[in-house]
Every structure is written in structure tokens, then in C-alpha cells.
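Here's the structure we're looking at; comments come further down.
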Amino acid sequence: MPFLSLTSWSLHRNLGPLRWTRWDEIARTQITATQDQPELLSLLELPAVLAKKGFRSLEVCHFHFPETNDAYLQGLKHAFKEAGLQFYSLLIEYGDISSSDDLRRQSDILWIKSWIDIAARVGAERVRVIAGDAEPMDQEALQRSVDALRELSSYAATKGVRVVTENFHSLTSIADNCLALLEGCGELLGLTSDFGNFKGSEKYGELVKTIPHSESIHAKAQTNADGYPDEAEFIRCLEIAKQAGYEGPLTLVYDGPGDMWEGIERVRKLVTPYLN
């Protein structure tokens, strides 16, 4: 049966500064810019808090790591162990492995490998790698992404970490590309389906295609200006997962206005009937 999980993005206004990575065309390398946010709760404290609230796992965005030295990573690994919480996935929120710019693509692959190393040291079971920003109809870009994901998945396997990708950013905005990546990489690669990332009238049909092949789901509800979810829309997505026999984490995603814990609880209330 599915189990309750959370992404650190659902608390992004509470966990301190965000460290955004982007590609600098002039320097031809990755640079990081810090966005100030209040630290109402530290990442080290979060596993214990979630365990007390009945969550079983957490997915952590890479930009929430305040440090990546060994002492910090061992401390975070210990915090998960002490809480009895599964570190399901480290979400790598940067990288365009579909880029036709060879220097950038290779540089991004090396940068992603550095975060795979971090995932191994901190005890994360998986890393989520973005498949790319290329247009979805670009077959050459899709092949570049397959090649890069195959390389990254093989590298991660030597570290005891599994690579998954997601219906996230342009290249995987259609289900057929998600499935093509899985076919191209074989059992080394996994998939995450996010309820909120497919768009338009084809959204539900796309989820029907990807969820049977997904080992995690980002349960993102569509919210109004006050942060209240479109319940009928969200339940329709949950029913698709149920009909597919999905049994992995339902990772709650809330990025609406207001108190983030209150927003999380509104989503949780809708998810609870679908949990074990």
C-alpha cells in the first residue's frame, strides 16, 4: 500500500536559505545564488518532526543542504536513522543533460555525479535527475538524455544509489518521453510521476501511462489563491494511482500561500484514505 512522504519543497519558506544553481554562459560553469528564507526549522531537525507527525519518508531538494562536508552529512544521516525515517530521494534540482552544448552537458553530468556522491554519503536511497530542458519533440535531445541517464545510473549503482527521473521540465512534459527514457536505460532507471506537472486536457491520460511504471509519486494538488486544493481534481489523480495498484510513497507537495504546515495538512487529509 502507498505510504506517507513529504518533499522538503513543501516547507521551502521555513527551512532557511535556498541555494539555487544555474548555468552561467559567460563563465561557462555552474554558479549558485542564495535566496534568503527564514529558518524556522533546520534540515537536521526535520526528520524527527516528520516522524512524530506520522510520515515515513522524506525527499530533500539539493538546495536545502546548508553544507555538504562529511560532518554535516553524517549528522543528517544520523538524524534520519534516529527518527526511523526513510531518506527516499535527494532531489537534484539543476542540470540539463539534454543540452546540445557539449561542454555544458558534460559539465552538468559531472556536477550531478558530485551530488550522487553526496547522496551516497548521507544515506539517500535515490537521486532524482531532471531529464532535460529540450523541446519534447527533439529526438536527438531525447537520445542525449538517455545516454546521460544511462551513464549516471551506472555510476550511481556503484555507490549504492538509484537514479530516477520525473515528468519534470520540458523534455518529459509528455508521457511517451518518460517511457522512452525507461526503455532506453532499462532497470537501472526509475521514474517519479508528479500529479501537477502534466498539463492540459491530456493530463489524466498521461498519468495513466506513467504511474504504472513509477516508483514514487509527487502528490501535488492544484490550489486556489488561498492555498486550498481543488479536491475533485486531486482525488481524480489519486484514483488513477489506486487503479494502477501503486504501492510507493505518496510524497505531499504544497507550494501555496500561507502557513506551509496548514497547507500540507489540507493535502494530507485528501491523501489519507489512499494510504496503508
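Here is the figure for region 57-77: residues that are touching a Ser or Thr at 6+ places or on another chain (Cβ under 8 Å) and of a type in the set (D, E, K, R) total 1.
Across region 225-276, the qualifying residues are those that are surrounded by 16 or more Cβ atoms within 10 Å (Cβ to Cβ) and among the basic types (Lys, Arg), and the one among them that is nearest to the chain's Cα centre (by Cα) is Arg268.
Considering only region 233-252, I want to know if a residue exists there that is within 23 Å of Arg150 (Cα to Cα) and assigned to a strand (DSSP E or B). Scanning region 233-252 turns up no residue that is within 23 Å of Arg150 (Cα to Cα) and assigned to a strand (DSSP E or B).
The sole residue among Ser98, Ser107 that is touching a residue at least 40 places away in the same chain (Cβ under 8 Å), of a type in the set (Ser, Thr, Tyr) and out of contact with any strand residue (DSSP E or B) (no Cβ under 7 Å at 6 or more places or on another chain) is Ser98.
Every residue, every condition in (1) among the aliphatic types (A, V, I, L, M); (2) within 17 Å of Ser99 (Cβ to Cβ); (3) open to solvent by 10 Å² or more (accessible area, probe 1.4 Å), yes or no:
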site	(1), (2), (3)
Asp147	no, yes, yes
Ser153	no, no, no
Ser170	no, yes, yes
Ser173	no, yes, yes
Leu179	yes, no, yes
Gly184	no, no, yes
Glu187	no, no, yes
Leu191	yes, no, no
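Among the residues of region 185-192, at least one is touching a residue at least 12 places away in the same chain (Cβ under 8 Å) and under 14 Å from Leu250 (Cα atoms).
Yes or no: Leu76 free of Cβ contacts under 8 Å to residues at least 40 places away in the same chain and crowded, with 22+ Cβ neighbours inside 10 Å?
no
Looking only at region 50-73, which residues are closer than 18 Å to Pro249 by Cα, of a type outside the set (Gly, Ala, Ser) and crowded, with 17+ Cβ neighbours inside 10 Å? Correct list: Leu50, Phe55, Arg56, Leu58, Glu59, Val60, Cys61.
The values are calculated or read from the model by the stated rules, or taken from the named source; none is laboratory data. Predicted model, so just to flag it, every value in this text is computed and none were measured. Positions of Cβ are generated from backbone atoms using ideal geometry, with glycine treated the same way; all protein chains shown enter the neighbour counts. The protein model used for the area step is the full one, side chains on, heavy atoms only, and it has no ligands, DNA or RNA in it. Shrake-Rupley method; radii C 1.70, N 1.55, O 1.52, S 1.80 Å.
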